[in-house]
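J.: If you scroll down you'll find the structure; I have some questions about it.
The values are calculated or read from the model by the stated rules, or taken from the named source; none is laboratory data. Keep in mind that what you see is a predicted model, and the values were worked out from it rather than measured. All Cβ positions, even for glycine, are placed from backbone atoms using ideal geometry, and neighbour counts span all protein chains on display. Surface areas here come from the heavy atoms of the whole protein model, side chains and all, with no ligands, DNA or RNA. Shrake-Rupley method; radii C 1.70, N 1.55, O 1.52, S 1.80 Å.
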Amino acid sequence: MVSMTVELRNIEDTQAAMGWAGGHTIIVDRAEGKAGGMGLGFNGGQLLALAIGGCFCNDLRYVAEEMGARLGKIAVTVTLTLEGQPLLATTATMVVACQTLDGSDPAQIIARAGAISTVSNSLRQGVPVSIETNAARTFD
(Lines give C-alpha, C1' and ligand atoms only; values in the text may rest on other atoms or scores of the structure.)
Protein backbone atom coordinates (compact mmCIF):
# COMPACT_ATOMS: atom_id res chain seq x y z
CA MET A 1 0.00 0.00 0.00
CA VAL A 2 1.14 3.53 -0.78
CA SER A 3 -0.26 6.60 0.91
CA MET A 4 0.46 10.26 0.48
CA THR A 5 -0.55 13.35 2.39
CA VAL A 6 -0.89 16.94 1.23
CA GLU A 7 -1.37 19.98 3.44
CA LEU A 8 -3.38 23.15 2.84
CA ARG A 9 -3.48 26.39 4.81
CA ASN A 10 -5.13 29.73 4.24
CA ILE A 11 -2.96 32.52 2.84
CA GLU A 12 -2.92 35.51 5.16
CA ASP A 13 -4.85 38.56 3.93
CA THR A 14 -6.66 36.48 1.28
CA GLN A 15 -9.36 33.85 1.27
CA ALA A 16 -7.21 31.55 -0.87
CA ALA A 17 -5.28 28.50 0.30
CA MET A 18 -1.80 27.24 -0.40
CA GLY A 19 -1.37 23.52 -0.72
CA TRP A 20 1.86 21.59 -0.65
CA ALA A 21 3.38 18.16 -0.86
CA GLY A 22 7.09 17.89 -0.26
CA GLY A 23 8.70 20.90 -1.90
CA HIS A 24 5.87 21.58 -4.38
CA THR A 25 3.19 24.23 -3.82
CA ILE A 26 -0.02 25.32 -5.48
CA ILE A 27 -2.57 28.07 -4.84
CA VAL A 28 -6.27 27.21 -4.59
CA ASP A 29 -8.88 29.97 -4.88
CA ARG A 30 -12.23 30.82 -6.35
CA ALA A 31 -12.84 33.08 -9.32
CA GLU A 32 -12.48 36.77 -8.54
CA GLY A 33 -15.62 38.03 -6.81
CA LYS A 34 -16.99 34.56 -6.00
CA ALA A 35 -17.31 33.99 -2.25
CA GLY A 36 -14.34 36.24 -1.54
CA GLY A 37 -12.19 34.70 -4.26
CA MET A 38 -9.44 36.77 -5.78
CA GLY A 39 -8.62 34.49 -8.72
CA LEU A 40 -5.18 33.77 -7.25
CA GLY A 41 -5.12 30.09 -8.18
CA PHE A 42 -6.95 27.07 -9.49
CA ASN A 43 -10.44 26.16 -8.31
CA GLY A 44 -11.36 22.63 -7.29
CA GLY A 45 -12.80 21.63 -10.67
CA GLN A 46 -9.68 22.80 -12.46
CA LEU A 47 -7.54 20.87 -9.99
CA LEU A 48 -9.61 17.74 -10.60
CA ALA A 49 -9.18 18.09 -14.38
CA LEU A 50 -5.46 18.73 -13.90
CA ALA A 51 -5.18 15.64 -11.70
CA ILE A 52 -6.85 13.52 -14.38
CA GLY A 53 -4.68 14.88 -17.19
CA GLY A 54 -1.47 15.19 -15.21
CA CYS A 55 -1.68 11.61 -13.99
CA PHE A 56 -2.32 10.46 -17.55
CA CYS A 57 0.72 12.38 -18.86
CA ASN A 58 2.87 10.61 -16.26
CA ASP A 59 1.28 7.27 -17.16
CA LEU A 60 2.16 7.78 -20.83
CA ARG A 61 5.81 8.13 -19.79
CA TYR A 62 5.66 5.08 -17.49
CA VAL A 63 4.11 2.92 -20.21
CA ALA A 64 6.47 4.13 -22.91
CA GLU A 65 9.47 3.29 -20.74
CA GLU A 66 8.00 -0.13 -19.93
CA MET A 67 7.47 -0.78 -23.66
CA GLY A 68 10.92 0.47 -24.64
CA ALA A 69 9.51 3.42 -26.57
CA ARG A 70 10.56 7.06 -26.39
CA LEU A 71 7.97 9.81 -26.55
CA GLY A 72 8.35 13.26 -28.00
CA LYS A 73 5.54 15.76 -27.73
CA ILE A 74 2.47 15.05 -25.62
CA ALA A 75 -0.77 17.06 -25.67
CA VAL A 76 -3.65 16.23 -23.33
CA THR A 77 -6.85 18.25 -23.09
CA VAL A 78 -9.31 17.44 -20.30
CA THR A 79 -12.86 18.75 -20.36
CA LEU A 80 -14.68 18.36 -17.06
CA THR A 81 -18.46 18.78 -17.00
CA LEU A 82 -20.08 19.84 -13.73
CA GLU A 83 -23.81 19.77 -13.10
CA GLY A 84 -26.40 20.00 -10.35
CA GLN A 85 -26.70 21.65 -6.97
CA PRO A 86 -24.28 21.12 -5.36
CA LEU A 87 -22.10 20.97 -8.46
CA LEU A 88 -20.76 17.50 -9.16
CA ALA A 89 -18.35 16.37 -11.85
CA THR A 90 -20.51 14.26 -14.17
CA THR A 91 -18.11 13.54 -17.02
CA ALA A 92 -14.46 14.00 -17.87
CA THR A 93 -13.21 13.65 -21.42
CA MET A 94 -9.54 13.46 -22.34
CA VAL A 95 -8.26 14.10 -25.85
CA VAL A 96 -4.74 12.72 -26.14
CA ALA A 97 -2.06 13.15 -28.79
CA CYS A 98 1.53 12.03 -28.49
CA GLN A 99 4.43 11.31 -30.76
CA THR A 100 6.91 8.49 -30.57
CA LEU A 101 10.44 9.48 -31.48
CA ASP A 102 10.70 6.59 -33.93
CA GLY A 103 7.45 7.60 -35.70
CA SER A 104 5.53 4.46 -34.70
CA ASP A 105 1.83 4.56 -33.83
CA PRO A 106 1.38 5.53 -30.16
CA ALA A 107 -2.11 3.94 -29.91
CA GLN A 108 -0.91 1.00 -27.77
CA ILE A 109 0.89 3.34 -25.38
CA ILE A 110 -2.22 5.54 -25.02
CA ALA A 111 -4.49 2.52 -24.48
CA ARG A 112 -2.19 0.99 -21.86
CA ALA A 113 -1.85 4.34 -20.06
CA GLY A 114 -5.65 4.54 -19.92
CA ALA A 115 -5.80 1.06 -18.40
CA ILE A 116 -3.39 1.88 -15.56
CA SER A 117 -4.15 5.55 -14.88
CA THR A 118 -4.50 5.92 -11.10
CA VAL A 119 -6.69 9.04 -11.02
CA SER A 120 -9.02 8.04 -13.85
CA ASN A 121 -9.47 4.49 -12.56
CA SER A 122 -10.01 5.74 -9.00
CA LEU A 123 -12.74 8.13 -10.15
CA ARG A 124 -14.41 5.45 -12.28
CA GLN A 125 -14.65 3.12 -9.31
CA GLY A 126 -15.53 5.81 -6.78
CA VAL A 127 -13.28 6.86 -3.93
CA PRO A 128 -14.72 7.06 -0.43
CA VAL A 129 -14.00 10.46 1.12
CA SER A 130 -14.34 11.00 4.85
CA ILE A 131 -14.22 14.31 6.69
CA GLU A 132 -13.06 14.42 10.30
CA THR A 133 -13.00 17.44 12.59
CA ASN A 134 -9.91 18.23 14.65
CA ALA A 135 -11.32 20.72 17.16
CA ALA A 136 -8.23 20.40 19.37
CA ARG A 137 -5.82 21.58 16.65
CA THR A 138 -3.80 24.66 17.46
CA PHE A 139 -2.74 27.13 14.80
CA ASP A 140 0.76 28.49 14.91
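J.: Quick one: is residue 107 buried (at least 16 other Cβ atoms within 10 Å of the Cβ), over 23 Å from residue 18 (Cβ atoms) and among the small types (Gly, Ala, Ser)?
T.: no
J.: Same structure, new question: For the stretch 27-41, name all the residues that are closer than 7 Å to residue 16 by Cα and charged (D, E, K, R).
T.: 29
J.: Can you tell me which residue is least open to solvent (accessible area, probe 1.4 Å) among those in the stretch 110-140 that are farther than 15 Å from residue 67 by Cα and among the charged types (D, E, K, R)?
T.: Among residues in the stretch 110-140 that are farther than 15 Å from residue 67 by Cα and among the charged types (D, E, K, R), the one least open to solvent (accessible area, probe 1.4 Å) is 137.
J.: I've got another one for you. Between 81, 14, 100, 90, which is closer than 30 Å to residue 139 by Cα and β-branched (Val, Ile, Thr)?
T.: Matching residue, one of 81, 14, 100, 90: 14.
J.: Within the stretch 89-103, which residues are part of a strand (DSSP E or B) and either open to solvent by less than 80 Å² (accessible area, probe 1.4 Å) or under 19 Å from residue 121 (Cβ atoms) (or both)?
T.: 89, 90, 91, 92, 93, 94, 95, 96, 97, 98, 100
J.: Shifting gears a bit: Does the stretch 16-35 hold any residues that are in a loop (DSSP other than H, G, I, E, B), modelled with pLDDT of 95 or more and surrounded by 13 or more Cβ atoms within 10 Å (Cβ to Cβ), and which are they?
T.: Hits for the stretch 16-35 are 16, 29.
J.: Among the residues of the stretch 36-79, which ones are in a loop (DSSP other than H, G, I, E, B) and open to solvent by less than 80 Å² (accessible area, probe 1.4 Å)?
T.: 36, 37, 39, 41, 43, 68, 69
J.: Would you be able to tell me the number of residues in the stretch 19-37 that are of a type in the set (A, V, I, L, M, F, W, C) and touching an Asp or Glu at 6+ places or on another chain (Cβ under 9 Å)?
T.: Count: 2.
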